[in-house]
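Below is one structure, written out as structure tokens; comments come after it.
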Amino acid sequence: MIEVQNESPLSLKEACSLPFLRRAGKPIHLATVHRWATHGAKGVKLETVQYPGGMRTTAEAVLRFLAMLNGLSATPAASKPRQHAIAAAERELAAAGFEIGGEK
């Protein structure tokens, strides 16, 4: 999932020009990135966020997409700040008496 606080959004057109997506020195076509975002490839979709000006992605999201296409990661890992936020929320819920992960 795109973390808009920690990742810089790019338009799909800007994403075409990412250095690691270039083929023979040329940027890939906008239709390719749009297809990845809407239909996916091999069951994997490119993560996007809808902004008032249109769909946006990030360089990190493109790298996660490529990694998942190549079988390097089944799910993207949460960042350290997100892991800390999740742990803090779980502690709050446990203190309030809610069950977390089958524990009480």
Of all residues in the range 11-29, how many are more than 19 Å from Pro52 (Cα to Cα) and open to solvent by 70 Å² or more (accessible area, probe 1.4 Å)?
7
Would you pick out the residues in the range 56-100 that are modelled with pLDDT under 85 and in a strand (DSSP E or B)?
Ile100
Of the conditions (1) open to solvent by 100 Å² or more (accessible area, probe 1.4 Å); (2) modelled with pLDDT of 95 or more; (3) not polar (S, T, N, Q), Lys42 clears all except one; give me its number.
(2)
Would you confirm whether any residue within the range 17-31 is outside any strand (DSSP E or B) and in contact with a Lys or Arg (Cβ under 8 Å, 6 or more places away or on another chain)?
yes
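The values are calculated or read from the model by the stated rules, or taken from the named source; none is laboratory data. All figures in this text were calculated on a predicted structure; none of them were measured in a lab. Don't worry about glycine lacking a Cβ; one is built from the backbone with ideal geometry, like all the others, and counts go over all protein chains shown. All accessible areas refer to the heavy atoms of the entire protein, side chains included, with ligands and DNA or RNA removed. Shrake-Rupley method; radii C 1.70, N 1.55, O 1.52, S 1.80 Å.
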